[in-house]
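One structure is given here, and the rest of the page talks about it.
Here, each number is a calculation from the coordinates, and none is a lab measurement. All of these numbers come straight from a predicted model, not from anything done at the bench. Cβ placement follows ideal geometry from the backbone for every residue including glycine, while neighbour counts extend to all protein chains displayed.
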């Protein structure tokens, strides 16, 4: 495209020089029109880059057929189809996904990201909420931990930069426990299963799915969860507002036509 445009501009300039000043405006107009057309073509071919986590079942994960699937994956696909845009989903891991959007290597992130003020203050621009979740403490199946008071003197595992980590840090001084930070959910679960941490904090739908599907020897005590908080799709550059607007419009449409409920039922049985 650059070579073609350069040729057109060069030819235009030569023509202007040959025929004199009377036709230079026409030549310039043609050059501008060519550039605008090229820009329009590029815009029409836009492929949005969306970053996500690698393992956050049932929202994003690799299934037994080595396919990347999940609630977030299906919601994004349904919205893109509804709105008619193209995208590339990049499975990077939580920290890398956030960093990719921050530095402009990706246009947006969808990774079970809780909408919270701290993120908004740090430049996240969220969509409408697409799933309401709570964070909960999770303990080994054999544990007798049944309340926050039972956590005194113990260590709690959390996932870096998540609402679960915020929930634990908010309570740690009051209930006298320490916190260890992990990069991903499976490593965090393993730390609890090995006995290095007495509990971890995870989004409730995530841990219930993992316990059911993977047979993890973990359980969720009653009464040890946070208030409801929504997940959001997010951009970090106002230049990508078009994508955010399409996401919101598409989300409303797939909720109205039943596609959204079908996706949840597929993964959660709701």
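Things worth noting here:
- Our summary gives region 165-270 a relative contact order of 15 percent, counting only alpha carbon pairs under 8 angstrom and 6 or more residues apart.
- Label-point gap, in nm, between residue 256 and residue 63 - each point 7 angstrom along Cα→Cβ: 2.9
- Region 77-223 - percent relative contact order, Cα under 8 Å, separation 6 or more: 27
- For region 86-150 versus region 195-254, the gap between their alpha-carbon centres in whole angstrom: 6
- With neighbours defined as other Cβ atoms within 10 Å of a residue's Cβ, the residues 74, 166 order from fewest to most as 166, 74.
- Tensor-based shape of region 135-226 (alpha-carbon gyration tensor, a/c under 1.5 rounded, otherwise prolate or oblate): rounded
- Förster-model FRET efficiency, 35 Å R0, residue 227 and residue 81, C-beta, rounded to 0.05: 0.55
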